[in-house]
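Here the structure comes first, spelled out in structure tokens, and everything after it is commentary.
The values are calculated or read from the model by the stated rules, or taken from the named source; none is laboratory data. Computed from a prediction, not measured in an experiment: that's the story for all the values here. For the accessible areas, the whole protein counts, side chains as well, though only heavy atoms, and no ligand, DNA or RNA atoms are used. Shrake-Rupley method; radii C 1.70, N 1.55, O 1.52, S 1.80 Å.
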Amino acid sequence: ITMGDVVREEAKRRNLELTDSNLGNLMLQLRKDFGPAAVAHLILKKMGQETNIIGDMVIDGIRGVAEVKRLESMGHVKLLAVHASAKTRYKHIKQRGRSDVPLDSNDFESRDKRELDIGISEAIALADEVVSNNNLTKEELKHRVLAIVKKWIDKINNRSCGLRDIKE
């Protein structure tokens, strides 16, 4: 589940254009109205509505520790930070081609500041593991992340927590 997709779904529900500014403002408004774990609440609500969500899952896009704490109410949570330089992150976000891509590097810096203000740096600092994504291909990143997640699940399974293996 991608947290940004949940925010985009909420924006569509509110008939907002999917721009960086609108999505950023909505994310901030949700946190103002419902607390710093607001997006995690939306994810849990979505999970409750979709009966096909069972077992292990990966949630992409954590922006703060409050979201992690909220998700822990559903079970075991591990946090993996994927770190890259601003230049690399800007390049990647432009390559995605979404409607909410920052218009230029100044907009990207504003977006970065917004995410720092809501606590992403604390989440990165408290991550269980960190992967540097400055010089990796998409496939290399995928394999590194998958190896870490599999290691975590194997460790949990060895403790008899009942989680299944992840399938690629």
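Decide, for the stretch 1-52, between rounded, prolate and oblate: order the square roots of the alpha carbon gyration tensor eigenvalues as a ≥ b ≥ c, take rounded if a/c falls under 1.5, and otherwise choose prolate if a/b is larger than b/c, else oblate.
Since a/c reaches 1.5 but b/c is at least a/b, the shape of the stretch 1-52 is classed as oblate.
Relative to the longest principal axis of the C-alpha atoms of the chain, give the angle of the C-alpha long axis of helix 20-34, reported between 0 and 90° and rounded to the nearest 10°.
60
Restricting things to alpha carbons, tell me how big the chain is in terms of Rg and Dmax, in Å.
16.5, 49
List every residue whose amide H lies under 5 Å from the amide H of Val82, counting only residues 5 or more places away in sequence or on a different chain, with H placed 1.01 Å from N in the peptide plane.
Val131
Taking the chain as the reference, fit the longest principal axis to its C-alpha atoms, fit the long axis of helix 86-96 to the helix C-alpha atoms, and give the angle between the two in degrees, 0 to 90, nearest 10.
It works out to around 90 degrees.
Could you sort Ile62, Ile124 by their accessible area in this structure, using a 1.4 Å probe and putting the largest first?
Ile124, Ile62
Per residue, how much accessible area does the stretch 50-141 show when a 1.4 Å probe rolls over the protein heavy atoms, in square angstrom?
Per-residue accessible area for the stretch 50-141 comes out at 65 Å².
In whole percent, how big is the carbon plus sulfur part of the accessible area of the chain, probe 1.4 Å, protein atoms only?
Carbon with sulfur: 50 percent of the solvent-accessible area.
If one takes the longest principal axis of the Cα atoms in the chain, at what angle in degrees, from 0 to 90 and to the nearest 10, does the Cα axis of helix 3-13 lie?
Helix 3-13 sits at roughly 50 degrees to that axis.
What figure in square angstrom, to the nearest 10, would you give for the accessible area of Val130 with a 1.4 Å probe?
90
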